[in-house]
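One structure is given here, and the rest of the page talks about it.
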Amino acid sequence: MKPWLTALLSIALAPAALAAWEPDAAEPVQAESARTIAEWRAADPSLEPFFADACAVAVFPRIVQLGLGAGYAWGKGVLIAGDRMTGEVSQSAVSLGLQAGGEAHSQIIFFRTCEAVELFTKTGNLGPVSGRLEMGGRASAAAATRVATAEAAFSSDVAIFSRGKGGLMLQLAAAGVRYRFTPTP
């Protein structure tokens with residue numbers, strides 16, 4: 001199927017929750033987030049069940065990661081629940097291990113339940129753990145601008161997908177990620 005036709009169909013058939021969201025074109029993070037959603041839907045129709053089943057989505061149009069032994073990553077985005085943007089989200093990560101390089105990627109976090117969204121907005125956590133820091137390990141090698149999405153399912157009511165934008169990064173590291181939510185006034 002032609003990419004433009006796939007994009008048109010995905011927008012036309014989109015669930016009402018995201019289809020009704022109107023980004024503020026004067027706000028760059030909103031405009032970039034809307035573009036990211038449209039690009040992902042056009043590139044990977046297998047994500048549609050996640051969009052359909054999600055109570056909310058956090059969209060990070062660009063996360064930049066740099067590392068040489070120690071690493072740091074940061075990004076800003078929006079949280080969309082129902083037909084409106086409920087606030088801005090940010091993430092920062094610190095990693096330590098064997099790593100060298102830099103990369104950029106976009107990320108979408110799907111929240112299957114509204115309870116998971118509430119936990120995220122109140123604590124910054126992606127699951128029922130104490131504290132505001134998510135710990136994890138990662139082994140990756142990125143040297144391309146296209147990264148295939150692996151098959152995934154909701155885990156603890158949250159599913160996270162990343163899509164490479166470019167760079168060169170070799171990494172075998174442990175990381176801590178912190179999320180922050182700022183509600184829309």
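The values are calculated or read from the model by the stated rules, or taken from the named source; none is laboratory data. As the structure is a prediction and not an experimental result, all values here were calculated from the model. Virtual Cβ from ideal backbone geometry, glycine too; neighbours counted across all protein chains shown.
Restricting segment 97-135 to residues that are polar (S, T, N, Q), in a loop (DSSP other than H, G, I, E, B) and modelled with pLDDT under 90, which is nearest to the chain's Cα centre (by Cα)? Selected residue: 125. Check whether at least one residue in segment 94-114 is closer than 20 Å to residue 166 by Cα and hydroxyl-bearing (Ser, Thr, Tyr), and report yes or no. Within segment 94-114 (the criterion being closer than 20 Å to residue 166 by Cα and hydroxyl-bearing (Ser, Thr, Tyr)), the answer is yes, since at least one residue qualifies. Under the condition of being crowded, with 19+ Cβ neighbours inside 10 Å and in contact (Cβ under 8 Å) with a residue 60 or more places away in the chain, the residues counted in segment 77-103 number 11. Among the residues of segment 56-65, just one is hydrophobic (A, V, I, L, M, F, W, C), over 16 Å from residue 126 (Cα atoms) and crowded, with 17+ Cβ neighbours inside 10 Å, namely 63. May I ask you to say which residue of 46, 10 is assigned to a helix (DSSP H, G or I), modelled with pLDDT under 95 and either in contact with a Pro (Cβ under 8 Å, 6 or more places away or on another chain) or on the phi > 0 side of the Ramachandran plot (or both)? Within the list 46, 10, the selection yields 10.
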